[in-house]
1. For a quick check: with amide H placed at 1.01 Å from N, whose amide H comes under 5 Å from D:Ser125's, ignoring anything fewer than 5 positions away on the same chain?
2. Determine the order of C:Met182, C:Met228 by accessible area, beginning with the largest, at a probe radius of 1.4 Å.
3. Output the antiparallel fraction of DSSP beta bridges having both residues in the protein assembly as shown, as a percent to the nearest 5.
4. Using DSSP, restrict attention to beta bridges with both residues in segment D:111-235 and report what percent are antiparallel, rounded to the nearest 5.
5. What percentage of the solvent-accessible surface of segment D:111-235, computed with a 1.4 Å probe over protein heavy atoms, is contributed by carbon and sulfur atoms?
6. For segment B:193-280, give the magnitude of the charge dipole about the Cα centre (Cβ charges: +1 Lys/Arg, -1 Asp/Glu; no others), in debye to the nearest 20.
7. Give the average, rounded to an integer, of partner chain Cβ atoms located within 10 angstrom of each Cβ in B:93-104.
8. For chain C, what is the accessible area per residue in Å², given a 1.4 Å probe and the full set of protein chains?
Amino acid sequence: MNGNHDAFTLGPLETGPACCVPHPLIQVRNLSLQYDGKTALDTITLDIYQGCITALIGPSGCGKTSFLSTINRLTDLIPRCNVTGQILIGGQDIHHPNCDVQTLRRRIGMVFQKPVPFPLSIRRNLSLPLNEHGVTRKDEVAAIIEQVLYDVGLWDEVHDRLDASALSLSGGQQQRLCIARALALNPEILLMDEPCSALDPMASGVVEDLICRLQGRYTIVIVTHNLAQARRIANYAAFFWVRERAGQLVEFGRSQQIFESPRHELTAAYVNGSRG
Amino acid sequence: MQTDRLLAWILRIGATVAALMMLLILMFLLFESWPALTGLSLIRFVTDAAWHPLEGAYHLMPMLLATLLASSGALMLAVPLGLASAVFIVFFASPRLAAVYKRLIELLAGIPSVVFGFWGLTTLAPLINEWHPPGASLLTAVLVLTLMVLPMITLTAYTAFVAVPDALLRNAAALGLSRWGMIAGVALPAARNGIVAGIILAAARALGETMAVLMVAGNVVQYPESIFDPVRTLAANIALEMAYAMDDHRAVLFVSGLVLMVLVMVLSALAGLFERHRHA
Amino acid sequence: MPEIIIPVSVRQKIRDFSLQSLMYLAVLLVSAVFVWLLADLVQGGMAHLSWAFLTESPRDAGRAGGIASILVSTLLILLIALIAAVPLAWATAVLLAEFVPIDSRFGRIVRFSLYVLAGVPSIVFGLFGNAFFSIYLGLGFSILSGGLTLACMLLPILTSTAEAGMRAVPDAYRLSAAALGMTRTAALIHLIFPAATPALAAGLLIGIGRALAETAALLFTSGYVDRMPGSLLDSGRALALHIFDLSMNVPGGDMPAYAAALVLVSLLLGINSLAMMFAHGLQRRRILT
Amino acid sequence: MSLHISADGYLRFYRTFISAVIAGLMVFSMTTAHAGTQRLTLTGSSTVAPLVNEIARRFEAQFPGVRIDVQTGGSSRGINDVRKGVADIGLVSRALKPGEEDLHAYTIALDGIGLIVHARNPVVSLDKQQVVDIFTGKITRWNAVGGDDARITVINKAEGRSTLELFLEYFQLKNSAIRPHVIIGDNAQGIKTITGNRNAIGYVSIGAAEYESRRGVPLRLLVLDGVASSVDNVRNGNFPLSRPLNLVTASAAQGLARQFITFAQSAQVHDLIEAQYFVPPDAD
């Protein structure tokens, strides 16, 4: 497939109040994570602000992806993975026994590094999660599909072939479909794990543009190795570093501050490209 | 979450039942052989004069020996043939020919034992009878078994050869090794564990094979003096006598089933060990 | 006297040449025997094979008539075996592939037990089936006890192929589905099962092939009455057993035995090819996605 | 590339397949349930089985709704299965032995045991001692008894076969003394082996041998000690190696089994007995 479709420019997002407010939506307190008894994340404490884009940066293996998957409890799926500490979302502890993990994950969308369209039709990719969450009325589903495809800029490209295989889309289109699939569930939070790194530069640009447009409507946490990209899109940045194989949070702040006047020397070295 | 938990429990029950099947089989074999294991002293399987269950003589050794002879004979023929076939497919044949030959071997693997037995009975045994009567003999059994385990050995060796990293072979070739030098010096050692596992599994199959052997071996309980003598294997004996065996006799047949099962279990455990250390 | 020194390269060439000749000899031998066997079957069977042979029931111990009732019995035994084994095997496979970690103790026990079960000789299954289903459960010589015995035999092969098939489904699907808040059950039904279908189908076909070829396990369980079965509690003779009986016990039974063998082998080769096709499609598909 | 379609298609296929299977089974079980079949299972001697099969067909024709299944495996199996309750009636081609008094036997016919060779074997008669010598391996070539210069292939019956027991008893042999080359189970297997091997000798039910040889199977019944192995000699009591063919039940036969046994002992089936070259019990 070709990447030409990705050059398509996005229409304006229909948005609610587009704002990034310094109100912590996700509060991470003393979060540690062990795989098989070995510490992968070491006592992270961090606030993620509502409606903002927070970029997680740092060298490979510093636990950014692990951190991301603790937020929607995807770590539950990994055997012998032990999470301690607290994560509060809107003040509620996500590890509380009363917290339903399916509902939690519905409130938190996630986009992976490599696009993972299910081997189903484009339409079914979007309707399947909706159906599973009880949205079954056909007209309602159709409306949501149109809306989210429009939001991610795919509608004009695929509206005439919704029943074609999602695998027939180009890489960039697939990734936007995955974002649309996450958006269809109307989440509050979007977790993105290097969503552009498996795409060619053109497609990457389109997806980055899309992420920018989502700012304000969703609270976005994005892992990226592309510092320029983090600088361009993020309101806040968290710098992780690996010490004795365990990931630690070194510095957190507004992205302008992290990139222009880092307080910690490791951060400074990393953003200036001399370390990592 | 609740559906997941429910499903997990249902699956757990299913898996437990599946796992218990083995235990159930073992238990029933033990249960049925119990009269023989406790009532007869086990030494009688070795010391009794002969196998005449209706006269109360339970000498198992000729049949055990015949079983081992038939299986090892088959392996002696099938291992070289099977390895040669695998080498041919992987290293010599053109892709097209390799595909055709591999398909042929796969088809051979799909032919049921009763058809092998039938063919041995109607074609091989009369031929051997011309040469040296009575035709139904250890030799016929060995030949039929060879045909049956050959595909197994070929296909496992093929898989093992294919799994040898290309880089290894390319390096060997770069060192100026001839094709055979490469195969004998690099590919064979690297694929050894996989091949051995395949051979062991083939041995297990040969030991337990019933119908084909029953049809061509002549089924006389005796220590064979030559390969033209008819013999009876343990598995064939069960098939022959199970129908009318009673009391001790029936229990002894279950004992021989138990012996077969334990033999095969040991062999498959061994094969599993080799399989696991394939890349070690 | 000058010693005759054969240079290394010449010695090597001789070795290589003889090894290569032996290899080609082996390949030719195997091919020749295979062709001989097939030619024998086709030659012996074609003359007796006809539409009537497939649609009539055997008469006169199988010397006359056809194999209709045998085919029906075979099919019923097969159906019973599949109905009993498939749900159990696939449930086990789902548990092993999706619900327990690959190295959990429970998983290891189940896997080991099935691995051992896979090696058990069919005659031993026959012993067990006779003692358990026919006598202990009182099913007698019947299609039901034969089918259930076969089900035990099929359990390992169906489980291992299904587990491998489900493991081959990329983990990304599971993670994505979970991230979308879907239950495992939903992911299983909508994503993993469909994606693993070629593997499941291939395993199913391999199992069917195994069951069709089986003789020893049925000898003392389903019995060998060659009449059209009236119920699942009737004894029914499987095709493989029919060939055995014709060739061993029926003077003049060779011709129908050839024909029946030809039918069985064609059936099995067809099923085998279909299974290979599915397995092949599986490989190609993994490359595509 | 339209993989999703096939994936959905597979699901649909599953559903169709499963419902088809269930529907098929339901139809099958319903038809059988409505038939209300009464079933008799008979197992045992391969000598008696062909005859009983014929009787059973006639019985079924007269009593619709009855199904009689016959399986072979030897007289011992017949006794065994009846005792275990696996079979309703056992087929036993000999009189009951001591230790079998718990069973009830009903004689339906008489039969003899004859020595058989291939039709092209020039030997036509043997005496008792020659037979003993051949079967114990003292004579190994046919020319010692006036035949070709060829090795003798001795065919013996498997244990548990009453044909074997009677043969041993008559020649006062122990089975362990016999040096066989092939062990066979059913009569038919013995006949089949003989027809495939010109130099073989074996012994089977005279009824079975006559039946097959009249159908053109190349075998010959040998004259033993000057008495031809024939149905006539069995009938008139001249043939020494003869025996009753019995139906055996665990307790005194009742119900359907009783009905069947009475039928099998009646004159209505004498033509069937004659057709199988056996002798009706009341004929002598």
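The values are calculated or read from the model by the stated rules, or taken from the named source; none is laboratory data. This structure is a prediction, so every number in the text was calculated from the model and none was measured. Here the Cβ positions follow ideal geometry from the backbone for every residue, glycine too, while neighbour counts run over all protein chains shown. The area values use the complete protein model at the heavy-atom level, side chains included, leaving out ligands, DNA and RNA. Shrake-Rupley method; radii C 1.70, N 1.55, O 1.52, S 1.80 Å.
1. Hits under the 5 Å cutoff: D:Val223.
2. Numbers: C:Met182 5, C:Met228 85 Å².
Of C:Met182, C:Met228, the descending order of accessible area is C:Met228, C:Met182.
3. Once the DSSP bridges in the protein assembly as shown are tallied, antiparallel ones form about 60 percent.
4. Details: 11 of 18 bridges.
Rounded to the nearest five, the antiparallel share is 60 percent.
5. Values: 2010 of 4330 Å².
Heavy-atom surface of segment D:111-235 belonging to carbon and sulfur, 1.4 Å probe: 46 percent.
6. Working: 5 positive and 7 negative charges, 85 e Å.
Taking the Cα centre of segment B:193-280 as origin, the dipole is about 400 debye.
7. The mean count of partner-chain Cβ atoms within 10 Å per residue comes to 1.
8. Details: 11030 Å² over 289 residues.
About 38 Å² of surface per residue is accessible.
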